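One structure is given below, encoded as structure tokens.
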Amino acid sequence: MKYDLLQDVIQLVSEFEQEQLSHASYGNDLKGFMSWVANSKASDRERTIAWKGMENGRSAESVISTLLVHLNRYAKNYSRSVLIHSDFSTQEDYIYLINLKAFGEMTKMALIKKNIQDKPVGMQIINRLIKHGWVKQQDSVTDRRSKMISITDIGLEVLEQHMHKIRQATQIVSADLLPEEKLELIRLLQKLEAFHHPIYLSNTPAEQLLGQAYQQLKST
């Protein structure tokens, strides 16, 4: 019987005890040991991660922002394949339909905000969907000033015709990430979403937006 794993654990415990002797940063118990192991591995990961411009002072925040922009553009490139041999004009056409199918009827502004778009652009998309007969609008029973938008049978049929390619384009974006990596990425992206979405919903004027967002960041 091999005891390699046990020997590795004993070695880790020994290293933990030595560090505790020099400066006790963790509790001298199992919880403290587990925290020390987790932080030690995090430090190891940080030492192996590098990026272009790092040696010239390029920040991690700059890299994250750039990579998110790039990923969005890659996704849009894949979506162009969905548009071929379809009546969809843009990726947003079928995304609006998917949201209406998943969440049911909603006001025009609710649909636009769900897709994080400006009102003029969102209205153009909705009007295009109405023209095709893929969605329909009717007066809201609670607010006559609002129009409720819902997907039609024709819209459901068109969406179903292209769902295979849409699913393929969606799957390609996450590439070869392992299942646990996908879950971790979801967790991190949801954390970013939780910070940014309330700021977006506040409809802060552009000249004040950056200051408000930065102040919010510093207060967290």
Filter result for the condition that a residue is out of contact with any Ser or Thr (no Cβ under 7 Å at 6 or more places or on another chain) and surrounded by 14 or more Cβ atoms within 10 Å (Cβ to Cβ), over Leu71, Leu100, Leu83: Leu83
The range 118-135: number of residues that are surrounded by 17 or more Cβ atoms within 10 Å (Cβ to Cβ) and either under 26 Å from the mean Cα position of the chain (by Cα) or more than 29 Å from Asn72 (Cβ to Cβ) (or both): 4
Pair list, Cβ under 7 Å, 6 or more apart: the range 85-103 residue touching a residue at least 12 places away in the same chain (Cβ under 8 Å), other residue crowded, with 16+ Cβ neighbours inside 10 Å and not in a helix (DSSP H, G or I): Tyr94/Phe88; Leu97/Trp134; Leu97/Ile151; Leu100/Val135; Leu100/Ile149; Leu100/Ile151; Lys101/Ile151
All positions within the range 135-152 that are touching a Ser or Thr at 6+ places or on another chain (Cβ under 6 Å), at pLDDT below 95 and either part of a strand (DSSP E or B) or of a type in the set (Val, Ile, Thr) (or both): Met148
Pairs where the first residue, in the range 116-133, is touching a residue at least 60 places away in the same chain (Cβ under 8 Å) and the second is assigned to a helix (DSSP H, G or I) and of a type in the set (Gly, Ala, Ser), C-beta under 9 Å, 6+ apart: none
Qualifying residue in the range 37-46 (condition: surrounded by 11 or more Cβ atoms within 10 Å (Cβ to Cβ), at pLDDT 75 or above and of a type outside the set (S, T, N, Q)): no
Some residue of the range 134-145 being in contact (Cβ under 8 Å) with a residue 40 or more places away in the chain and farther than 17 Å from Ser86 by Cα: no
Enumeration of residues in the range 61-94 that are closer than 15 Å to His132 by Cβ and assigned to a helix (DSSP H, G or I): Leu83, Glu92, Asp93, Tyr94
Test: Val63 is aliphatic (A, V, I, L, M) and either modelled with pLDDT under 90 or more than 27 Å from Asp153 (Cα to Cα) (or both): yes
Single condition Gly57 does not satisfy, out of (1) modelled with pLDDT under 90; (2) surrounded by 13 or more Cβ atoms within 10 Å (Cβ to Cβ): (2)
Boolean, Leu201 is outside the structural domain of Leu83 (by TED's automatic domain parsing), under 24 Å from Gln117 (Cβ atoms) and among the hydrophobic types (A, V, I, L, M, F, W, C): yes
Number of the condition not met by Leu209 [criteria: (1) part of a helix (DSSP H, G or I); (2) under 24 Å from Tyr74 (Cα atoms); (3) of a type in the set (A, V, I, L, M)]: (2)
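The values are calculated or read from the model by the stated rules, or taken from the named source; none is laboratory data. If you're wondering where the values come from, they're calculated on a predicted model, not measured in any experiment. Note that each Cβ is placed from the backbone with ideal geometry, even for glycine, and that neighbours are counted across all protein chains shown.
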